[in-house]
Amino acid sequence: MLKRYFNLLKNIRNWQVYFKVKRNPDVFFLMKGKNKIQFWLVEEIIPIFKEIYMQDIYQIKFLRKELSTQEPIIVDIGANAGYAATFFFQFFPKARILSFEPLPTNFELLSKNQQENAHLHWEIIPKAVGDCTGSTQIFYCKSKEITPVASILQNFDAQNTDNLSVEMISLQDIFQEYALPHIDLLKVDCEGAEYDILYATPKQILDKVRCIVMETHFCNKVNANQDAMKNFLQKQGFEVKTQKEMLWAWNA
């Protein structure tokens, strides 16, 4: 618990406002360092902020060691409000980050945060990522202004009783459409869609991915679990480590 608050103080300049977020509709954070990174936080997605900024769910020291570049290309699948991107920019201010978020209400806050950081090379794309390019249904709870559990899987969460059609793109087509020579870091947190995305990606494309950090989810279908994902990535030539629901993979 103490480590979480230490990380809050280490990462956030105006850390005191964290304790006001439940009394205010939204609060504005300024990150420490000379990169002038700032963003808005709303109460509904405090858990995402805590995971990234206080619990260090991505293990940033490990990622910095594995990436070995100060100008990484990062693809952020399941961007939500962009907190992973702002966190990565703190350590890689010269990065190019492409953030994909299909839900319009989430994308609105993502866009607001991107505009607060116009000096960064941050591209935001209102699309889901899946096993093919086209369109798909996303399931969510309409009564929630912002949600962390929207999914293209109908039965992913019981509160996702509403749906809408959104654009979708495959990982393979992301390389082509955005002229990516490679991806240094692929961050995946997309509420069960991770299996469709990775399993449908040819090996010659995965060979262009240096490192992956992923939150895995157990889904009620074949090979939709962390062990299956670990085995799949190892067969593609990645080294893999896991901790609880998190998975890291890197090309040997």
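Bear in mind that the values in this text are calculations on the coordinates, not laboratory data. Given the structure is predicted, the values throughout are model-derived calculations rather than measurements. Here the Cβ positions follow ideal geometry from the backbone for every residue, glycine too, while neighbour counts run over all protein chains shown.
Which of Glu108, Glu66 has the fewest other C-beta atoms within 10 Å, and how do the rest follow up to the most? Walk me through the numbers before you get to the answer.
On the way: Glu108 14, Glu66 18.
The order, fewest Cβ neighbours first, is Glu108, Glu66.
Using packing as a proxy for protection, rank 110-123, 190-203, 80-93, 5-18 so that the peptide with the highest average count of other Cβ atoms within 10 Å comes first.
On the way: 110-123: 17.2, 190-203: 19.6, 80-93: 23.3, 5-18: 15.3.
Result, highest mean first: 80-93, 190-203, 110-123, 5-18.
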- Percent of Cα-Cα pairs per 5 Å bin, from 0 to the last occupied bin, for the stretch 183-252, please list those. 4, 18, 33, 30, 13, 3, 0
- Item | ³J(HN,Hα), Karplus 6.51/-1.76/1.60, whole Hz, each residue of the stretch 159-166, x for Gly, Pro | 7, 7, 9, 10, 8, 8, 8, 9
- Item | Footprinting exposure proxy for Lys50, Lys244 (fewest neighbouring C-beta atoms within 10 Å first) | Lys244, Lys50
- Task: Hey, can you grab everything whose amide H is under 5 Å from the amide H of Leu164? Only 5+ residues off in sequence or another chain; H modelled, so Pro and N-termini drop out.
- Result: Ile138
- Can you tell me the FRET efficiency between Glu145 and Phe19 if r is taken as the Cβ-Cβ distance and R0 is 22 Å, rounded to the nearest 0.05? 0.50
- Note on the structure: Across 10 Å bins beginning at 0, the whole-percent shares of Cα-Cα pair distances in the stretch 29-116 come to 16, 53, 28, 2
- Convert each backbone phi in the stretch 43-59 into a coupling constant with the Karplus relation 6.51 cos²θ - 1.76 cosθ + 1.60 (shift: θ = phi - 60°), then list the ³J(HN,Hα) values in order as whole Hz, x for Gly and Pro. 4, 4, 10, 3, x, 5, 4, 4, 4, 7, 8, 10, 9, 6, 4, 8, 6
- Message: Per 0.36 nm of contour for each residue apart, how much would the distance between Cys132 and Tyr178 grow if the chain were fully extended, relative to their Cα-Cα spacing?
- Response: 15.0 nm
- Query: For the chain, what does -39500 (n - 2.57) per DSSP helix run (n ≥ 4), summed and divided by total residues, give at 222 nm, in deg cm²/dmol to the nearest 500?
  - Reply: -7500 deg cm²/dmol
- Message: If the only charges are +1 at each Lys and Arg Cβ and -1 at each Asp and Glu Cβ, what is the size of the charge dipole of the stretch 96-229 around the Cα centre, to the nearest 20 debye?
- Response: 140 debye
- Under a Cβ-Cβ cut-off of 14 Å, what is the net charge of the residues other than Glu108 that fall near it, where Lys and Arg count +1 and Asp and Glu count -1? -3
- Task: For Ile169, list long-range residues whose amide hydrogen, built 1.01 Å from N in the peptide plane, is under 5 Å from its own amide hydrogen.
- Result: Ala128, Val129, Gly130, Gly134
- Query: Taking other Cβ within 10 Å of each residue's Cβ, how do Thr161, Thr147, Thr133 sort, fewest first?
  - Reply: Thr161, Thr133, Thr147
- Partner aspartates and glutamates whose C-alpha sits under 20 Å from that of Lys221, ignoring same-chain residues fewer than 8 away, are Asp131, Asp157, Asp189, Glu191, Glu194, Asp196, Glu245
- Taking a straight Cα-to-Cα line shorter than 20 Å from Lys203, and setting aside same-chain lysines fewer than 8 residues away, one finds Lys187, Lys230, Lys235, Lys241
- Of all DSSP beta bridges with both partners in the chain, the antiparallel percent, nearest 5, is 55 percent
- Task: Assign unit charges at the C-beta atoms only (+1 for Lys and Arg, -1 for Asp and Glu), then state the dipole size of the stretch 151-234 relative to its Cα centre in Debye, rounded to the nearest 20.
- Result: 380 debye
- Query: With the calculation restricted to Cα positions, what are the radius of gyration and Dmax of the chain in angstrom?
  - Reply: 17.3, 50
